[in-house]
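The next block holds one structure in the form of structure tokens; read it before the comments.
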């Protein structure tokens, strides 16, 4: 199992280069949370069920690496705030070798 | 004034189970919750989702777990102040506590256990310029008294279960129900979606999709909302505008009580009894933090149990106490019921 490199810009505009493991069944929300790139209580509020949009990110680079959005994610984003065309929910992006090099920015919440 | 032994702030699974453990120690509990029903996140966010890590339940739906907890604690007759948030906390001279809610309900307790989870669930408010002005003047985020809307014109915005469910419910009460959503697709239980479709076909619900509410109008009270649909903007007359865009948790007033806060959680001194920096105030479940903290329901149950033992010792200093097992001692409810194991049969075999 390999580690992958991610670029994550936090809500203060600071960019972090992160190395994330692909063998821990993590998602992007959990990576942001474990590296404390967003204040606890403002990220992964629903625990990762695509029910709160606190883990919304804007995909800056590498959108083509991602799997298509599922219905639940799509529906949640239709109700969320600050949504842009490149919005995704971090909890629905699984950390796999395919997304190596992905670059995202954490969206404001709430 | 409401008097109790342990005042529990937050009626989620941890708070509810604390009532049981307190009951075994003959301590009476009262719970406060901002939501109009018990269960916290489990009821509000994911009642139909299965939970797989409750010991002894290979799978249990969140809503069912709450129902079971309510059944389990019924015998200890807990009191509830629902739909109100604990606003101020004062430690009185005799070491007891007074907690007053945003509605002015006064609670007096010997100990306080904060089981507030991620905080108070507050409605997510749409970013409309003058929405704050119209709050309680036609803009509502919760529906507490459906009768309030009888024969009124109501506009609901949102695409989830609560928008669907309340549209269905109010279609029998209000004179007009309009449901507005940014998409044509709704995310909800299939039968709710189908029911809204049926009511739309019958002309009982006016559906406007894909559309967005962009403004509110009215002198002193909502009289119309502005809607944007397919690039066109128009006004729709209404008495009420109810945006239902879900809830977001905030630690809120608890953050002003002098408790040590770290990363939106209450710091507890240790994992011996989960007491905060103010003696007599405990924090249990997702709301607390300490080295090794895990935000799991089963950990909340454990924390609730240790908290109750600590409160007992605090209220009964010097009194000897031996942990009892329910299989041995049974359970004596405050309602006069008694549950106990059947006696083993001792009989001679000839």
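For the stretch B:129-139, the count of residues that are buried (at least 19 other Cβ atoms within 10 Å of the Cβ) and closer than 30 Å to residue B:296 by Cα is zero. Of all residues in the stretch B:98-137, those satisfying the criterion of being under 19 Å from the mean Cα position of the chain (by Cα) and modelled with pLDDT under 90 are B:118, B:119, B:120, B:121, B:122, B:123, B:124, B:125. Is it the case that some residue within the stretch B:197-210 is at pLDDT 90 or above, touching a strand residue (DSSP E or B) at 6+ places or on another chain (Cβ under 8 Å) and within 12 Å of chain A (Cβ to nearest Cβ)? Yes - at least one qualifying residue is present in the stretch B:197-210. When B:82, B:92 are checked against the criterion of being closer than 25 Å to residue B:163 by Cβ, surrounded by fewer than 19 Cβ atoms within 10 Å (Cβ to Cβ) and in contact with a strand residue (DSSP E or B) (Cβ under 7 Å, 6 or more places away or on another chain), a single residue qualifies: B:82. Taken together, the residues in the stretch B:22-51 that are in a strand (DSSP E or B) and under 16 Å from the mean Cα position of the chain (by Cα) amount to 4.
Here the stretch A:50-84 is the region considered, the condition is being facing chain B (nearest Cβ under 8 Å) and in a loop (DSSP other than H, G, I, E, B), and the residue that is surrounded by the fewest Cβ atoms within 10 Å (Cβ to Cβ) is A:81. Selection within the stretch B:242-258: residues that are farther than 12 Å from residue B:86 by Cβ and part of a loop (DSSP other than H, G, I, E, B). The member of this set that is farthest from the other protein chains (Cβ to nearest Cβ) is B:258. Of the numbered criteria (1) closer than 30 Å to residue B:12 by Cα; (2) within 14 Å of chain A (Cβ to nearest Cβ), the one residue B:135 fails is (2). If you go through the stretch B:153-167 and keep only what is modelled with pLDDT under 95 and away from every other protein chain (no Cβ under 14 Å), you end up with B:165, B:166. Within the stretch A:9-49, the only residue that satisfies the criterion of being touching a strand residue (DSSP E or B) at 6+ places or on another chain (Cβ under 7 Å), within 17 Å of residue B:118 (Cβ to Cβ) and outside any loop (DSSP other than H, G, I, E, B) is A:32.
The values are calculated or read from the model by the stated rules, or taken from the named source; none is laboratory data. None of these values were measured; they are calculated from a predicted model. Here Cβ is always computed from backbone atoms with ideal geometry, including for glycine, and neighbour counts include all displayed protein chains.
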